[in-house]
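Notes follow the structure.
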Amino acid sequence: MEEKKEILILAIESSCDETAAAVVKNGREVLSNVISSQIDLHTLYGGVVPEIASRKHVERINYVIQEALGQADVTLKDLDAIGVTYGPGLVGALLVGVAEAKAISYAAGLPLVGVHHIEGHISANYIEHQELEPPFVCLVVSGGHTHLVIVHDYGEYEITGKTRDDAAGEAFDKVARAVGLGYPGGPKIDRISKEGNADAIHFPRAKVEGAPYDFSFSGVKSAVLNHINGCRMKGEEVCQADIAASFQKAVCDVLVSHALAAVKDYGMQKLVLAGGVASNTSLRSMMETACKKERISLYYPSPVLCTDNAAMIGAAAYYEYQRGVRHGLDLNAVPNLKLGERQEKR
């Protein structure tokens, strides 16, 4: 894809509980990436409270945008477009970012490019790996999504597998709460698992009949809860580390096997990880071992680019911008937006 000149995009992300803004050049060079996290606040409630998240976005969004522009040493006049997440996510949270992006677009006379949140996660790899180009298979694993996506080209996606119930990250959070680790579950299970025996307890690995790339994590979550209840009824000690390590291995086994099957069946040579759970050290290690054995090239972003951030939205917005995608001031938040769907005005 040829660039006629340097394209600077101010990107905004507010789909959940991070208020973020970034300035990205040509889709791959991050000039600034500012993230204001609400995690400490939501930890008090054991999870994200949508109304509180929305209010905090309103309080912080102007600050993070000003900080992003300042760190990049640019003004609105230097920009070529505004990119913003418009779905999926929490509707109130999304609306804050979309309203801000539309206001800046109108006031500065800049094109507006709405971005799918999952497309952003996939595009984080373009920042981290300058040599990465489609086509490839991407395993998207986060608190709200577990997808196997065939990335045929920039902006061209085919979902070949998805979860039938809980997302992987959601299962991590629920199991962490059950064993008394609290919120956020993913990082805490990852940390304590290093102290446990991953083979201490055998938890089930679910397969969906007739859909070899689909996932199901409600069964393994229920198995963990049953194990904990059984221990308590018998008066046995509940070993947090062993349960966490065994659960994590069960989930990662399924993620690795399904992803590698898709890579082979679709004749691909590259596998990409994306989303918050892509920062899980066990998943990375198991995937690296499996890919090395099968001679598959593996890519994943640094942890800061795995969790929600605006740099990844800027990368995705650049490729949408290059494809001619533009949105009008009627752009709205779409909390259940499907990957590949577009609300666009060319």
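The values are calculated or read from the model by the stated rules, or taken from the named source; none is laboratory data. None of these values were measured; they are calculated from a predicted model. Here the Cβ is made from the backbone with ideal geometry for all residues, glycine too, and neighbour counts use every protein chain on show.
The residue that is surrounded by the fewest Cβ atoms within 10 Å (Cβ to Cβ), counting only those in segment 91-113 that are touching a strand residue (DSSP E or B) at 6+ places or on another chain (Cβ under 6 Å) and not in a helix (DSSP H, G or I), is P111.
In segment 162-175 there is at least one residue that is in contact (Cβ under 8 Å) with a residue 24 or more places away in the chain, β-branched (V, I, T) and touching a strand residue (DSSP E or B) at 6+ places or on another chain (Cβ under 9 Å).
Picking from residues in segment 34-46 that are crowded, with 16+ Cβ neighbours inside 10 Å and over 16 Å from the mean Cα position of the chain (by Cα), the one that is modelled with the highest pLDDT is V34.
For I243, the requirement of being β-branched (V, I, T), in a helix (DSSP H, G or I) and within 21 Å of G27 (Cβ to Cβ) is not met.
Does G155 satisfy being under 21 Å from A22 (Cα atoms), surrounded by fewer than 22 Cβ atoms within 10 Å (Cβ to Cβ) and not assigned by TED's automatic domain parsing to the domain that holds I313? Write out each step before concluding.
Details: under 21 Å from A22 (Cα atoms): yes; surrounded by fewer than 22 Cβ atoms within 10 Å (Cβ to Cβ): yes; not assigned by TED's automatic domain parsing to the domain that holds I313: yes.
Yes; evaluated as a whole, the condition is true for this residue.
In segment 76-90, the count of residues that are part of a helix (DSSP H, G or I), among the aliphatic types (A, V, I, L, M) and either over 24 Å from the mean Cα position of the chain (by Cα) or buried (at least 24 other Cβ atoms within 10 Å of the Cβ) (or both) is one or more. Scanning segment 155-202 for residues that are in contact with a Ser or Thr (Cβ under 6 Å, 6 or more places away or on another chain) and assigned to a loop (DSSP other than H, G, I, E, B) gives R164, D165, D166, A167, Y183, A198, A200, I201.
Give the residues of segment 9-29 that are buried (at least 20 other Cβ atoms within 10 Å of the Cβ) and under 13 Å from A311 (Cβ atoms), sorted by residue number.
Initial filter on segment 9-29 (buried (at least 20 other Cβ atoms within 10 Å of the Cβ)): 9-24, 27.
Answer for segment 9-29, where residues must be buried (at least 20 other Cβ atoms within 10 Å of the Cβ) and under 13 Å from A311 (Cβ atoms): I9, L10, A11, I12, E13, E18, A20, A21, A22, V23, V24, G27.
Provide a single number: the residues in segment 91-112 that are closer than 16 Å to A22 by Cβ and within 19 Å of the chain's Cα centre (by Cα). Counting residues in segment 91-112 that are closer than 16 Å to A22 by Cβ and within 19 Å of the chain's Cα centre (by Cα) gives 1.
Given Y45, Y63, which one is of a type in the set (F, W, Y) and under 30 Å from A171 (Cβ atoms)? Break it down stepwise before answering.
Numbers: Y63 fails: under 30 Å from A171 (Cβ atoms).
None of the other options fit; the residue is Y45.
Per the listing I201, I150, I189, the residue uniquely closer than 30 Å to Q322 by Cα and among the hydrophobic types (A, V, I, L, M, F, W, C) is I150.
Restricting attention to segment 89-116, which residues are closer than 19 Å to H147 by Cα, modelled with pLDDT of 95 or more and not aliphatic (A, V, I, L, M)? Residue satisfying the conditions is H116 alone.
Give the residue that is nearest to the chain's Cα centre (by Cα), with candidates limited to residues of segment 257-281 that are assigned to a helix (DSSP H, G or I) and surrounded by fewer than 20 Cβ atoms within 10 Å (Cβ to Cβ).
Taking the candidates together, the pick is T281.
Tally the residues that are part of a strand (DSSP E or B) and under 15 Å from the mean Cα position of the chain (by Cα), restricting the search to segment 138-154. It would help to see each step written out before you state the result.
Taking segment 138-154 as the starting set, the residues that turn out to be part of a strand (DSSP E or B) are 138-141, 146-153.
In the following step, the residues that additionally are under 15 Å from the mean Cα position of the chain (by Cα) were identified as 138-141, 146-149.
Residues meeting the conditions: 8.
Of all the criteria given as (1) in contact with a Gly (Cβ under 8 Å, 6 or more places away or on another chain); (2) not in a loop (DSSP other than H, G, I, E, B), the one not satisfied by N125 is (1). Pairs meeting the criteria (first residue in segment 252-267 and within 19 Å of A206 (Cβ to Cβ), second residue acidic (D, E) and surrounded by fewer than 21 Cβ atoms within 10 Å (Cβ to Cβ), beta carbons under 9 Å, at least 6 apart or on different chains) are H258/D214; L260/E294.
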